[in-house]
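Computed from the coordinates by the stated procedures, all read-outs in this text should not be read as laboratory data. Treat the numbers as computed from the prediction; the structure is a model and nothing was measured. Quick reminder, even Gly has a Cβ in these numbers, built from the backbone with ideal geometry, and neighbours come from all protein chains shown.
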Amino acid sequence: RQAAYAELRDVEPFTRDGTRIMVMMNAGLRDDMPTLALTGADGIGLFRTEFQFLVSSTLPQRERQTRLYRDVLDAAGNKPVVFRTVDIGGDKALPYLQADDIEAEENPAMGWRALRIALDREGLMKAQSRALLEAAAGRTLNVMFPMVSEPWEFDAARAIFESQLKWLREQRKRVPEEVRYGCMLEVPALAECLDDLLPRLSFISVGTNDLTQFLFAADRAHPRLAERYDWLSPAILRFLKRVHQATVGRQVDIGVCGEMGGRRLEALALIGLGYRRLSITPAAVGPIKELVRRIDIPAIESAMNEWLVNPPPNMREALSEWAKAHEI
Ligand code: PEP
Ligand code: MG
């Protein structure tokens, strides 16, 4: 099988009916970059910038951040990279950043984390935005924000980037050719504000890891709950369908960057819901590219539409049997 995946490396993933599916990979370190060529992924759909912060004992200086982002873009060549601004706090606590705020949180996943920290500690966001803008000089910068719960948070984050961009222009420094702003959708409340939010951004990336923990009110790291809720449940699938529907007819790319997209039946379901962009763990790129080539979109779409209205007693079993019957 490994050999078969290697053969697929340079093959673009089209479904049987000829639809191109973007199969990208998640990354977070310079050392992840050689994997892009090895797997033949379409790009980096999620670059978790907090990794550099987590492996460092002090706050990474702006120049160090710039160097990392530039190296990542150089390594990616013509393939796109989506940088996510830092998602720290919660369970990824940084003592050096939170020294004046160390209070144990009752619910760290729902606590002071990600963009919430970045908007309160504006210096952090200013430095990161400068680093990203400088690193992407002369190229396209794709940047997205984690844990956005309301549209104003996206606006505030984008405004920091825009003011840094203005400053760089005034200094006659080279800036990116284009800056594309996006948003993670991982807090359910944001899904209710898409009509307001979508006209202001270029892409949405659904973070199903956090989204499912919030939808089910079930800690994603809790060992006793790990098996209890299924990604292939009507609640999640209906939710994801509605989110996708909200983007139809708009100039907004939508994809999934949570672990869900790297699993076979889940990827099949997502494609059946309308998703055409997946960013997944590198080891899943080969298997998912292979899966894509077996899928007939009209067939899985009509099965999913039927199941969303009349859910089978066990969605996973139904999908699994359907996949077998369709030689997927
Ligand atoms: C997610 O929440 O689905 C996601 C992709 O982000 P992370 O796993 O880094 O929280
Ligand atoms: Mg997340």
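Note the full-extension length gain between Glu122 and Arg30 as 0.36 nm times their separation in residues minus their Cα-Cα distance, in nm to one decimal.
Gain on extension, Glu122 to Arg30, equals 30.5 nm.
So how far apart, in nm, are the two label points at Lys79 and Asp296 if each is 7 Å from Cα heading toward Cβ?
The modelled label-to-label distance comes out at 3.1 nm.
Arg180 to Arg200: extension gain in nm, 0.36 nm per residue of separation minus the Cα-Cα distance?
6.2 nm
Calculate the tail of P(r) for region 118-162: the fraction of all Cα-Cα distances greater than 17 Å, expressed in %.
Roughly 31 percent, rounded to a whole number.
Gln61 to Gln2: FRET efficiency via 1/(1 + (r/R0)^6), r the Cβ-Cβ distance, R0 35 Å, to the nearest 0.05?
It comes to 0.30.
Let's test the formula: R0 of 30 Å, r as the Cβ-Cβ distance of Asp91 and Arg238. What FRET efficiency results, to the nearest 0.05?
0.60
Return the tail of the calculated pair distribution for region 1-148, meaning the percent of Cα-Cα pairs more than 25 Å apart.
37 percent
Once you have the Cα-Cα distance between Gln251 and Ala137, take 0.36 nm times their residue separation minus that, and quote the gain in nm to one decimal.
Taking 0.36 nm per residue and subtracting the Cα distance, the gain is 38.6 nm.
What net charge is computed for the residues neighbouring Ala303, neighbours being all others with C-beta under 12 Å from the C-beta of Ala303, Lys and Arg scored +1, Asp and Glu -1?
-4
Hey, rough spin-label estimate for His326 and Glu106, points 7 angstrom out along Cα→Cβ, what's it come to in nanometres?
The modelled label-to-label distance comes out at 4.5 nm.
Quick one: which of 213-219, 310-316 comes out on top by average Cβ neighbours within 10 Å, and what's the full order, highest first?
Packing proxy ranking, top to bottom: 213-219, 310-316.
Give the total of Lys-Lys pairs in the chain with Cα-Cα distances below 24 Å; include a pair only if its members are 8 or more places apart or on different chains.
Lysine pairs meeting both conditions in the chain amount to 7.
Can you give the Rg/Rh ratio of region 124-239, where Rg is from the C-alpha atoms and Rh is the Kirkwood radius?
For region 124-239, the value is 1.09.
Taking 2.2 N^0.38 Å as the expected size of a compact globular protein, what ratio does the Cα radius of gyration of the chain give against it, to two decimals?
Ratio of Rg to 2.2 N^0.38 Å for the chain: 1.00.
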